[in-house]
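Step one of this worksheet: look at the structure below.
Coordinate-derived values only; no laboratory data. In this text, all values refer to a predicted model and were calculated from it rather than measured experimentally. No Cβ is skipped: glycine too gets one built from the backbone with ideal geometry, and neighbour counts run over all protein chains shown.
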Amino acid sequence: MDEIKVSFKPPFQQEEKDEVKPTKIDSTSNNIVGKIAEHIGTGDNAKNSIIWITIRWSFMIALGITLLLLIFLGFAYYNNNQSEISELKKFILSIWAVFTPIITLSLGYAFGRDFK
């Protein structure tokens, strides 16, 4: 039987003079900026987006805590525990005392910064 010899050549052979040397690129800062820009936008859109994100999360956190406290308040009413009822009511008011200034400050900045 005849033996068949097969040889493989690489598809692309670069000559030494055309060799391209890799350069080190710091892509971490570009990736971070790209991901942040995807979420909040750029320029004035980013400023507006940050404001509305702040308002939305402030409402969500305050409402979440308030709903949780209302559940506990329901249990306190069921058990007729007057001291716990008054404490929970004060705590609900103090939660909104923290988040209301954040929300109003953000709204004031959003609607008042265009006027000079």
For this session: May I ask you to compute the full-extension gain from K35 to A97, defined as 0.36 nm times their residue separation minus their alpha-carbon distance, rounded to one decimal in nm?
Result: 18.9 nm
For this session: Figure the gain on full extension for L105 and Y78 (residue separation times 0.36 nm, minus the Cα-Cα span) and round it to one decimal in nm.
Result: 5.9 nm
Exercise. Which distance in nm do the two modelled labels at N48 and M60 give, with both placed 7 Å along the Cα-to-Cβ direction?
Worked result: 2.1 nm
Problem set entry | Ascending count of other beta-carbon atoms within 10 Å, so fewest first, for Y78, Y109 | Y78, Y109
Problem set entry | Gyration tensor verdict on segment 68-116 (Cα atoms; rounded if a/c is under 1.5, prolate if a/b is larger than b/c, oblate otherwise) | prolate
